Amino acid sequence: MNVHDSQQMAQILSDAGYVKTDEAGRADIIIVNTCSVRGKAAQKAYSQLGRLRKLKKKKPGLVIGVAGCLAQEHGTEFFKRAPYLDLVLGTHNIHRFPEMIEEINNTKSRVVDTSFHESVRSLGIRTLPPDGDVSAYVTIMQGCNNFCSYCIVPYVRGREESRTSGDIIDEIRFLADNGISEVTLLGQNVNSYGSTLSGDADFPALLRMVSKINGINRIRFTTSHPKDLSGGLADCFADLDNLCEHIHLPVQAGSNHVLKRMKRGYTAEEYLKKIDMLKSRCPDISITSDIIVGFPGEKDSDFQKTIDLMKEVRFDNTFSFKYSDRRGTASEKYDGKIEEEVKRARLCELQALQESHSLEKNRSLEEVVKDVLIEGVSKNNDADITGRTRDNKIVNIAGDIGLTGKTVKARITRAYTHSLRGEMI
Ligand code: SAH
Ligand code: SF4
């Protein structure tokens, strides 16, 4: 989501006449786009800002700004922690970017805007991904009304707001006309898409509309909340040829006691039923998840239930995190905080189990022929190109960079934990 926000900010600046540079030393404006969802992400943003301080010393006219969730959370506090900052841009005010920069240049004073609006103006800003990319993000909604007890998102992104289906479809048509063949629909909880609109489409209806757009060969979406996953959505996987066979369905924990304290709105049994429903409509669906370890009050026996659930579902992949207190959330005040050492040990155990499951899943794909959408040159070997299968697995293949953006057929020759090796056929 932040990648897409950064693309939107770059678009606004380029519309205002600014030109992109890859060299920080040549820039007149540098914006650090931040995430505050977990403690680690916030720390990374602060160290990035620390590095920019030296640049500002060398070039006093340089405008340094901070945007995103951390900017929203800390507001003017940022000026105390980083006095060399010029701009703090809240999550609802991206559209005001150029006028705020003008104000800084004219008044030589610092500027901040973290006000919330009923409607987020930047939601409809159209961006094309970097040259050559055939895959684009499309924000279909913003904010969140769920208030899971550990989560800062509703506080820094505001209340849920859906864009109209007409707007979304127009944007995807524009992307398709510009050579985009894969779209990822973005929202904190896409399954509740439309709840703030009256008489418009719900999420399954939106997917059906998107699937009819000429030129869109692959549709993905993230993130799905298990409590709102409907039979209608599961049917889409059976019915829509261009909907990729992958769902990211964060479970967070396997213990009902923990899930209740997290305010997730489902039990482990209900989650497992939804997985069965998805598999009944789409037997080869790839399922990924997010898991938090060391939530306040999580006992060894609770953690064991997360491990049991993982063994039952056998996720293709999981993103797992140590719980971190976020300011202003309900769980910040919960008792039963877990020691760092215990969190670390649980995370280690969980990740080792996930690696074995990921490898097992990937091995089952050996000798299978897959459609791979080529994304560019491989990170590990210049002679290889890399791409993704419909079920979101990375495949490295010996091939020509000129195939970027094309879909090729590849036989999987070797499985690794985080990627596959393939051979073009
Ligand atoms: N809207 C998405 C998640 C957005 S945040 C959803 O509901 O699934 C991405 C992930 O960060 C979450 O799924 C959760 O696993 C993790 N996360 C959020 N707050 C956290 C916290 N306080 N400590 C640790 N992990 C957290
Ligand atoms: Fe956070 Fe829960 Fe909303 Fe996801 S659904 S963004 S975890 S409050």
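The values are calculated or read from the model by the stated rules, or taken from the named source; none is laboratory data. No experiment lies behind these values; they were computed from the predicted model shown. We place every Cβ from the backbone using ideal geometry, glycine too, and count neighbours over all the protein chains shown.
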Of all residues in region 45-58 being surrounded by 14 or more Cβ atoms within 10 Å (Cβ to Cβ) and not hydrophobic (A, V, I, L, M, F, W, C), the one that is farthest from the chain's Cα centre (by Cα): 56
I need every pair where a residue in region 312-328 that is farther than 30 Å from residue 70 by Cα has its Cβ under 8 Å from the Cβ of a residue that is within 10 Å of ligand 1 (Cβ to nearest atom) and polar (S, T, N, Q), sequence separation at least 6 or different chains. 313/289; 315/289
Restricting to region 166-193, count the residues that are surrounded by fewer than 20 Cβ atoms within 10 Å (Cβ to Cβ) and away from ligand 1 (no atom under 16 Å from the Cβ). 11
Region 183-219, subset away from ligand 2 (no atom under 16 Å from the Cβ) and of a type in the set (S, T, N, Q), residue modelled with the lowest pLDDT: 198
For region 176-187, state whether one or more residues are under 23 Å from residue 37 (Cβ atoms), of a type in the set (A, V, I, L, M, F, W, C), touching a strand residue (DSSP E or B) at 6+ places or on another chain (Cβ under 9 Å) and touching a residue at least 60 places away in the same chain (Cβ under 8 Å). yes
Looking at 14, 36, can you tell me which residue is among the polar types (S, T, N, Q) and within 25 Å of residue 320 (Cβ to Cβ)? 36
Matching residues in region 114-144 (in contact with a helix residue (DSSP H, G or I) (Cβ under 7 Å, 6 or more places away or on another chain) and without any contact (Cβ under 8 Å) to a residue 40 or more places away in the chain) number 1
Counting just the residues of region 220-252 that are in a helix (DSSP H, G or I) and of a type in the set (A, V, I, L, M, F, W, C), which one comes out nearest to ligand 2 (Cβ to nearest atom)? 233
